[in-house]
């Protein structure tokens, strides 16, 4: 099933409506995708605005160059492989989501709510996470090289062994974290010192 440049507003989709579909340049506003399955679904250049993906099964989804703006992925799962490549998820929420199989390849995840999500060993290099809520996240051994973490919230996050070399840590409070095994460059080390209240001169 191929969808091209279609637009939907305030529509509720059934669990299997999107399974195996190919969508290009489609737009969805305030649509309800709760409990939908995205197995073998491909998305390219699509925009989802204020849509609900509650308990959606994202296994097998492949999305490239898509925008998910202020969407709610509460309880969504990607236990097997799912790919988001160069996607924009500004303001979206992932409360109680389970995403061990999700692969994130670039994109803008600014202002996302990822509180408590398990992101262990994820490759998040170069990802824009400005002002994202990463509190209570498990980021152990995550690759965050070159990520934009300005003003991100990391309260209670687990970051042991994470790679933060080249990451922008402006405004991030690192002083309360267990930094055992964390890889830092000089700028990152300076950010830690500032978080501890020291003045660099």
Residues that are within 17 Å of the chain's Cα centre (by Cα) and part of a loop (DSSP other than H, G, I, E, B): does the stretch 165-174 have at least one?
yes
Going through (1) modelled with pLDDT of 95 or more; (2) assigned to a loop (DSSP other than H, G, I, E, B) one by one, residue 106 fails only at (2)
Within the stretch 9-27, is there a residue that is modelled with pLDDT of 95 or more, on the phi > 0 side of the Ramachandran plot and in contact with a strand residue (DSSP E or B) (Cβ under 6 Å, 6 or more places away or on another chain)?
no
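Can you name the residue in the stretch 159-177 that is touching a strand residue (DSSP E or B) at 6+ places or on another chain (Cβ under 6 Å) and surrounded by 19 or more Cβ atoms within 10 Å (Cβ to Cβ) and, of all such residues, is farthest from residue 187 (Cα to Cα)? Let's see the steps before the verdict.
Of all residues in the stretch 159-177, those touching a strand residue (DSSP E or B) at 6+ places or on another chain (Cβ under 6 Å) come to 163, 165, 168.
If we keep only those that are surrounded by 19 or more Cβ atoms within 10 Å (Cβ to Cβ) as well, we get 163, 168.
Working: 163: 13, 168: 8 Å.
Only one residue fits best here, namely 163.
The values are calculated or read from the model by the stated rules, or taken from the named source; none is laboratory data. Because the structure is a prediction, the values reported are computed rather than measured. Glycine also receives a Cβ, built like all others from the backbone with ideal geometry; neighbour counts cover every protein chain displayed.
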